[in-house]
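Taking it in order: structure first as structure tokens, then the write-up.
The values are calculated or read from the model by the stated rules, or taken from the named source; none is laboratory data. This structure is a prediction, so every number in the text was calculated from the model and none was measured. Note: ideal-geometry Cβ built from the backbone for every residue, glycine included; neighbour counts use all protein chains shown. Ligands, DNA and RNA are excluded from the accessible area calculation, which covers all protein heavy atoms including side chains. Shrake-Rupley method; radii C 1.70, N 1.55, O 1.52, S 1.80 Å.
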Amino acid sequence: ALTIRSGEILALVGQSGAGKSTLARTVLGLQPADDGSAIQFRGQDLPHRGRALRDFRGQVQMVLQDPSAALNPKLSVYELVAEGLRIQHFDGDEEQRVVESLTEAELIPAGDYLGAIPQELSGGQRQRVVIAGALAIHPEVLVADEPVASLDASVRGEILALLLSLRERLGLSALVITHDLGLAWNIADTVAVMYRGRIVEHGPTEQVLLHPQHEYTRTLLAAAPSIRDQEVA
């Protein structure tokens, strides 16, 4: 069984077509699990409809790969971050929560960004807006699908450092989907390797990436830059 514990970052690695994004959609309840498979949250089977599913999606939030595609270009940063609050029928101070979320995503001072539209922001700032929107409703788990793949190398380290900071500051757990073993090495507590729709290896990051047991993991490592030489900027 693949388990994400409280405050843990799990990296799901594998090449394109391995089934990583399909698993992410299943975890989010966007598509059914395969026969014989079960997704549980807090020991309960994943709900499939109604308020229970909406509440679950408030606890598990998605961070998409491409912020340009994830953000409606016609909406302001305020509206983009407030969108999830409205879907979840948030009954607190909406503006205060939007400002808090932007601050948590390290868009500071938040007031400078509220009226901006996505094309006025850098790629890194847009990804922070996506993350702020996910944080707004106080989730317990982030599912981040290739969260830095579309960003310039100069800002990738900043976004990875932000994910680590959120884990420390807010106690968030995260499932980070990536083909980048260096990313997994930098931020993950545990690594799961997916091959042809199956998890073929799973364990602590150092164990999996320094002492791989499965031939597919060895193949991925052989094709990657030396992970020991990589660090978050």
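Of everything in segment 41-64, what is of a type in the set (S, T, N, Q) and either outside any strand (DSSP E or B) or in contact with an Asp or Glu (Cβ under 8 Å, 6 or more places away or on another chain) (or both)? Give them in sequence order.
Q59 - this is the single residue of segment 41-64 that is of a type in the set (S, T, N, Q) and either outside any strand (DSSP E or B) or in contact with an Asp or Glu (Cβ under 8 Å, 6 or more places away or on another chain) (or both).
Report, ordered by the first and then the second residue, all pairs with beta carbons closer than 6 Å, sequence separation of six or more or different chains, a first member in segment 197-212 that is more than 17 Å from S16 (Cα to Cα), and a second member that is surrounded by 13 or more Cβ atoms within 10 Å (Cβ to Cβ) and of a type in the set (G, A, S).
Note: pairs meeting the criteria are H202/A192; T205/A188.
All but one of (1) of a type in the set (G, A, S); (2) crowded, with 23+ Cβ neighbours inside 10 Å; (3) assigned to a helix (DSSP H, G or I) hold for A144; which doesn't?
(3) is the only condition that A144 fails.
Being at pLDDT below 75, open to solvent by less than 40 Å² (accessible area, probe 1.4 Å) and within 23 Å of H138 (Cβ to Cβ), is that true of even one residue in segment 45-63?
yes
Restricting to segment 99-116, and then to whatever is open to solvent by 50 Å² or more (accessible area, probe 1.4 Å) and part of a loop (DSSP other than H, G, I, E, B), can you tell me which residue is nearest to V148 (Cα to Cα)?
So the residue we want is E106.
Run down G36, G19 and say which single residue is small (G, A, S), touching a strand residue (DSSP E or B) at 6+ places or on another chain (Cβ under 6 Å) and modelled with pLDDT under 75.
Numbers: G36 fails: touching a strand residue (DSSP E or B) at 6+ places or on another chain (Cβ under 6 Å).
Criteria check complete, one pass: G19.
Pick from segment 120-139 the residues that are of a type in the set (G, A, S) and more than 18 Å from S165 (Cβ to Cβ): which of them is surrounded by the fewest Cβ atoms within 10 Å (Cβ to Cβ)?
That would be S122.
Which condition breaks for A161 when tested against (1) hydrophobic (A, V, I, L, M, F, W, C); (2) open to solvent by 10 Å² or more (accessible area, probe 1.4 Å); (3) part of a helix (DSSP H, G or I); (4) touching a His at 6+ places or on another chain (Cβ under 8 Å)?
(4)
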